[in-house]
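The values are calculated or read from the model by the stated rules, or taken from the named source; none is laboratory data. Given the structure is predicted, the values throughout are model-derived calculations rather than measurements. Positions of Cβ are generated from backbone atoms using ideal geometry, with glycine treated the same way; all protein chains shown enter the neighbour counts. Just the protein is used for accessible areas: all its heavy atoms, side chains included, with ligands, DNA and RNA removed. Shrake-Rupley method; radii C 1.70, N 1.55, O 1.52, S 1.80 Å.
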Amino acid sequence: MILLRQTRCILSRRRHLVHFHPSPAWSAARTILQRFKLADVGEGITECEVIKWNVSPQSTIGAFEPLCEVQSDKASVEITSPYDGTVKQILVQEGQIAKVGEDLCIIEVADEEASNPSNTPTSESSDGSTDHSPPPRPEHKQEQEQKRAAPEPRRAHPLDPNGPPTSESTASTSRPGGASLDAETTTKTTRTSDTLALPAVRHFARESGVDIALLAPGSGKKGRIERADVERFLASGEAKSTREQPVASPPPSEGDIVVELGRTRYGMWKAMEKSLEIPHFGYSTSFDLTALDNMLPIFNANIPQHYLSPSRQSTAPPAVSPSSFFSAPAPPTPPATAAYDRLTYLPVLLKTLSKAMHSWPLFRSSITPGCDSNNGKPTLTLRPHSDISIALSTPTGLYTPTVRAVDRHSVYSLAAELKHLAYLGRQVPCALTPAELPRRGGTLTVSNVGAIGAGESAMPVLVPGGGVAIVALGRARWVWDVERADGKGERRLRMGISWSADHRVVEGAELAAFVETWRGYVEQPERMIAEGI
């Protein structure tokens with residue numbers, strides 16, 4: 001009797017095992033790891049510095065949400081995520097350099113193929129027999145085959161030029177009476193794109209009919225527009241007129257659009273018109289940066305602690321204190337925006353240029369303002385130090401901040417000054433003040449065009465108030481110099497430079513001789529060590 005009861009229990013338990021999991025095993029979502037690479041952010045740019053990560057490991061992120069911010073020599077770019085998923089690992093930390101095509105992070109995303117399998121698995125009982133589920137009905141089977149044959153397309157990125165046009169780019173408003181507002185719409189879109197805001201906040205403002213440019217600066221960090229700013233604007237009732245504006249259908253044919261120049265670009269317009277009064281003298285050559293390139297790793301390995309980013313500063317006290325006898329002078333305290341971890345060629349080139357300017361007083365001079373209105377004879381004002389202006393391309397236009405007394409700076413302090421100026425220029429609106437943009441600018445202007453494109457030479461234009469000359473730095477390239485090694489040739493790093501000088505005060509021979517003085521410091525940077533001792 002007891003044996004019979006145990007047999008019945010086993011048989012009944014077996015039936016429960018067969019029907020315990022009626023749902024197929026493949027219903028659970030599978031995930032895969034995607035490596036996100038640094039894309040080409042600009043023509044001629046081969047590497048970028050990761051400034052900030054907006055995510056951390058194990059945090060979730062949605063498609064088109066900001067992932068990180070990278071910076072080249074002259075531009076800062078916010079990179080968004082192409083996936084919905086979870087950040088598993090960050091491969092390039094803040095302050096490190098990433099090459100184009102290098103992996104930045106690893107994101108865990110859902111496997112779309114695994115979520116739509118083509119074959120339905122069968123469940124197997126404990127004794128090895130197979131439980132065949134009933135076949136799907138014909139109409140359900142046909143629907144499943146249609147879904148597999150035509151999968152749902154992935155959303156296009158908002159910045160994809162091949163993607164479908166959005167409502168912002170195709171819709172235009174109209175005035176009563178039929179006058180087109182295409183120009184106003186274009187200008188409004190430009191202002192909106194220059195405003196700091198997350199993509200989710202932009203989407204919320206667009207859906208609510210709010211021009212996000214009207215809210216700048218926002219309550220977030222660095223003037224960033226937050227969702228609370230949009231909600232506060234909606235609660236005030238000021239957005240009612242914006243939402244009630246009629247939206248006309250797109251015109252059947254494309255027409256011309258007249259756009260008024262902004263304040264910064266109009267200032268450039270007037271400066272270029274005045275530049276026609278200056279007779280230009282051009283001069284082009286190239287410098288050999290091989291010796292400087294060999295010394296750069298030594299410079300980078302010895303950056304002073306107070307210029308490094310906080311993540312690289314050493315917090316351990318020295319084994320022997322240098323202030324045991326008397327307190328050593330405290331190092332300067334640069335702003336947090338001036339911290340850096342890697343030197344480039346530009347600070348060294350500026351320092352060597354200031355050495356050449358010290359030897360040539362003409363290039364430390366500027367035309368005295370209003371001198372020709374007194375007695376009709378112009379004069380030059382000689383300055384005691386080397387003041388150099390830097391051409392800086394910003395989101396709001398072209399500016400030329402001035403670094404005063406470059407000859408008194410070290411290469412490290414110059415790098416910090418350039419980093420701080422670049423940060424101020426990246427802000428929207430521009431954060432450069434009259435302290436960085438003095439009325440009396442530098443006597444020379446430097447334009448680092450090689451950091452943007454692959455050009456080797458340029459034709460810089462000198463404007464009134466821009467000093468007596470301007471130089472454009474090309475892109476450094478490794479070339480085979482056949483004139484070296486007794487005609488056998490040698491691989492060298494060369495950079496093209498192009499000058500334009502005010503021919504009213506600078507002779508051609510003087511400019512050529514001045515450039516050769518500069519060459520002596522650039523191609524033999526060891527001279528700076530000897531002159532500094």
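Within segment 343-361, identify whether any single residue is outside any strand (DSSP E or B), among the basic types (Lys, Arg) and either touching a Gly at 6+ places or on another chain (Cβ under 8 Å) or free of Cβ contacts under 8 Å to residues at least 12 places away in the same chain (or both), and answer yes or no.
no
Can you tell me which of Arg477, Arg484, Arg504 is of a type outside the set (Ser, Thr, Tyr), more than 26 Å from Pro378 (Cβ to Cβ) and in contact (Cβ under 8 Å) with a residue 12 or more places away in the chain?
One residue alone meets the criteria, Arg477.
Keeping to segment 41-67, report how many residues are modelled with pLDDT of 75 or more, of a type in the set (D, E, K, R) and either surrounded by fewer than 15 Cβ atoms within 10 Å (Cβ to Cβ) or part of a strand (DSSP E or B) (or both).
Total meeting the criteria: 3.
When the residues of segment 68-97 are narrowed to those that are assigned to a strand (DSSP E or B) and among the aliphatic types (A, V, I, L, M), which ends up modelled with the lowest pLDDT?
Filtering first and then ranking leaves Val77.
Spot the failing condition for Ala501; the list is (1) modelled with pLDDT of 90 or more; (2) assigned to a helix (DSSP H, G or I), and only one is missed.
Failing condition for Ala501: (2).
Restricting to segment 478-498, and then to whatever is basic (Lys, Arg) and assigned to a strand (DSSP E or B), can you tell me which residue is nearest to Phe287 (Cα to Cα)?
If we take residues in segment 478-498 being basic (Lys, Arg) and assigned to a strand (DSSP E or B), then Arg494 is nearest to Phe287 (Cα to Cα).
Of all residues in segment 421-445, how many are among the basic types (Lys, Arg) and surrounded by fewer than 18 Cβ atoms within 10 Å (Cβ to Cβ)?
2
So which residues in segment 303-340 are among the β-branched types (Val, Ile, Thr) and either open to solvent by 70 Å² or more (accessible area, probe 1.4 Å) or at positive phi (or both)?
Thr315, Val320, Thr333
Quick one: in segment 225-244, of everything that is outside any helix (DSSP H, G or I) and modelled with pLDDT of 80 or more, which residue is surrounded by the fewest Cβ atoms within 10 Å (Cβ to Cβ)?
Top of the filtered list is Glu226.
Quick check on my filter: what residues within segment 286-304 are of a type outside the set (A, V, I, L, M, F, W, C) and touching a residue at least 24 places away in the same chain (Cβ under 8 Å)?
Ser286, Asp288, Thr290, Asp293, Asn300, Pro304
Across segment 499-533, which residue is least open to solvent (accessible area, probe 1.4 Å) among those that are touching a helix residue (DSSP H, G or I) at 6+ places or on another chain (Cβ under 9 Å) and of a type in the set (Ser, Thr, Tyr)?
Among those residues, the one meeting the criterion is Tyr521.
Only one residue in Gly455, Gly474, Gly450 is of a type outside the set (Phe, Trp, Tyr), out of contact with any Lys or Arg (no Cβ under 7 Å at 6 or more places or on another chain) and surrounded by 14 or more Cβ atoms within 10 Å (Cβ to Cβ). Which one?
Only one candidate qualifies: Gly474.
Only one of Leu343, Leu362, Leu353, Leu349 is touching a helix residue (DSSP H, G or I) at 6+ places or on another chain (Cβ under 9 Å) and open to solvent by 10 Å² or more (accessible area, probe 1.4 Å); which?
Leu362
Anything in segment 313-341 that is closer than 23 Å to Ala416 by Cα and over 22 Å from the mean Cα position of the chain (by Cα)? List them, or say none.
Those that are closer than 23 Å to Ala416 by Cα and over 22 Å from the mean Cα position of the chain (by Cα): Gln313, Ser314, Thr315, Ala328, Pro329, Ala330, Pro331, Pro332, Thr333, Pro334.
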